[in-house]
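Worksheet for the structure shown next.
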Amino acid sequence: MKKVLLVLAVLVLAASAFSTVHAQVETMRYTVQSGDTLWALAEKFDTAVVKLLDLNPGITPDRLRIGQELNVPVQALWSYHVVQPGDNVRSLAAQYRVPLEGLLEANGIKNSKLTVGETIRIPMHLYIPPDEQTTHVVEIGETLFGIAKQYKVSLTDLLEWNSIADPDMIFAGQTLIVG
């Protein structure tokens with residue numbers, strides 16, 4: 001009886017250890033496409049079918065639906081940046097083409113303040129490809145309104161595309177997405 005209880009206790013501890021590891025796996029959402037299978041997705045994302053099943057409770061291998069969203073593991077890939085004078089979280093997110101939220105989360109930044117000389121992690125696994133975007137390098141004397149007019153886009157779009165909260169806070173040399 002004692003052996004049974006000991007084995008049961010070991011199994012419970014092992015199961016809780018595995019669930020702790022599971023919570024630390026970084027994932028992204030993937031939308032099922034025509035022809036996708038769990039086996040093909042496991043190969044595509046360099047993981048095991050059992051891991052996909054673990055990350056998506058309730059799915060069955062033979063019942064994937066086009067448009068269904070799944071959690072898939074991503075391999076974390078980090079770059080590091082030493083903060084320079086003039087750097088801010090928005091400009092670094094744009095420079096490295098990563099989501100602002102991902103940059104903030106990767107570094108535990110709550111108030112968007114950076115300290116010169118501080119080293120921050122850049123979540124390169126969240127890299128956003130260019131998608132044929134048009135960019136503009138701000139020159140001395142330019143305004144966001146003038147740039148928006150030049151590229152025939154709305155000021156609202158320009159602010160949103162570049163995660164700019166204050167339209168008066170642009171600087172010469174800054175690269176903006178303009179279309």
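Quick one: count up the residues across the range 86-123 that are more than 24 Å from A172 (Cα to Cα) and of a type in the set (D, E, K, R).
Of the residues in that region, 4 qualify.
Condition (residue is over 30 Å from Q75 (Cα atoms) and in a helix (DSSP H, G or I)) applied to the range 130-144: is it met by at least one residue?
Of all residues in the range 130-144, those over 30 Å from Q75 (Cα atoms) come to 136-144.
Now narrow it down to the ones that are in a helix (DSSP H, G or I): 144.
Checking the range 130-144: at least one residue is over 30 Å from Q75 (Cα atoms) and in a helix (DSSP H, G or I).
Determine whether Y96 is among the hydroxyl-bearing types (S, T, Y), crowded, with 16+ Cβ neighbours inside 10 Å and on the phi < 0 side of the Ramachandran plot. Break it down into steps so the answer makes sense when it comes.
On the way: among the hydroxyl-bearing types (S, T, Y): yes; crowded, with 16+ Cβ neighbours inside 10 Å: yes; on the phi < 0 side of the Ramachandran plot: yes.
Criteria met by Y96.
Out of all the residues in the range 80-101, which are touching a Ser or Thr at 6+ places or on another chain (Cβ under 8 Å) and either part of a helix (DSSP H, G or I) or in contact (Cβ under 8 Å) with a residue 60 or more places away in the chain (or both)? Show your work before the answer.
Quick first cut of the range 80-101, residues touching a Ser or Thr at 6+ places or on another chain (Cβ under 8 Å) only: 80-83, 88-90, 93-96, 100.
The answer is V89, R90, A93, A94, Q95, Y96, L100.
What are the pairs, 6+ residues apart or on separate chains, where a residue within the range 47-70 that is within 16 Å of T27 (Cα to Cα) has its Cβ under 7 Å from a residue that is of a type in the set (S, T, N, Q) and surrounded by 10 or more Cβ atoms within 10 Å (Cβ to Cβ)?
Within 7 Å, the pairs are L55/T27; L55/N71; N56/N71; E69/T31; L70/N56.
Hey, among H136, H125, which residue is within 14 Å of A94 (Cα to Cα), touching a residue at least 40 places away in the same chain (Cβ under 8 Å) and out of contact with any Gly (no Cβ under 7 Å at 6 or more places or on another chain)? It would help to see each step written out before you state the result.
Working: H125 fails: within 14 Å of A94 (Cα to Cα).
Sole residue among the options that is within 14 Å of A94 (Cα to Cα), touching a residue at least 40 places away in the same chain (Cβ under 8 Å) and out of contact with any Gly (no Cβ under 7 Å at 6 or more places or on another chain): H136.
Scan the range 56-74 for residues that are under 25 Å from M124 (Cα atoms) and either in a loop (DSSP other than H, G, I, E, B) or in contact with a helix residue (DSSP H, G or I) (Cβ under 8 Å, 6 or more places away or on another chain) (or both) and jot them down. Lay out the reasoning, then the answer.
Looking only at the range 56-74, we keep the residues that are under 25 Å from M124 (Cα atoms), and these are 56, 69-74.
Once the filter is applied, which keeps residues that are under 25 Å from M124 (Cα atoms) and either in a loop (DSSP other than H, G, I, E, B) or in contact with a helix residue (DSSP H, G or I) (Cβ under 8 Å, 6 or more places away or on another chain) (or both), the range 56-74 yields N56, L70, N71, V72, P73, V74.
Please go through the range 136-154 and pick out each residue that is of a type in the set (A, V, I, L, M) and surrounded by 16 or more Cβ atoms within 10 Å (Cβ to Cβ).
Of the residues in the range 136-154, the ones of a type in the set (A, V, I, L, M) are 137-138, 140, 144, 147-148, 153.
Listed by number, the residues that qualify are V138, L144, I147, A148, V153.
Find all pairs meeting these conditions: Cβ atoms under 9 angstrom apart; at least six residues apart or on different chains; first residue within the range 102-117 and within 21 Å of A76 (Cα to Cα) and in the same structural domain as V89 (by TED's automatic domain parsing); second residue at pLDDT below 90 and loosely packed, with under 13 Cβ neighbours inside 10 Å.
Listed pairs, sorted by first residue: L104/K110; L104/S112; A106/W78.
The values are calculated or read from the model by the stated rules, or taken from the named source; none is laboratory data. All values reported here derive from a predicted model rather than from experimental measurement. Cβ: placed from backbone, ideal geometry, glycine included. Neighbour counts: every protein chain shown.
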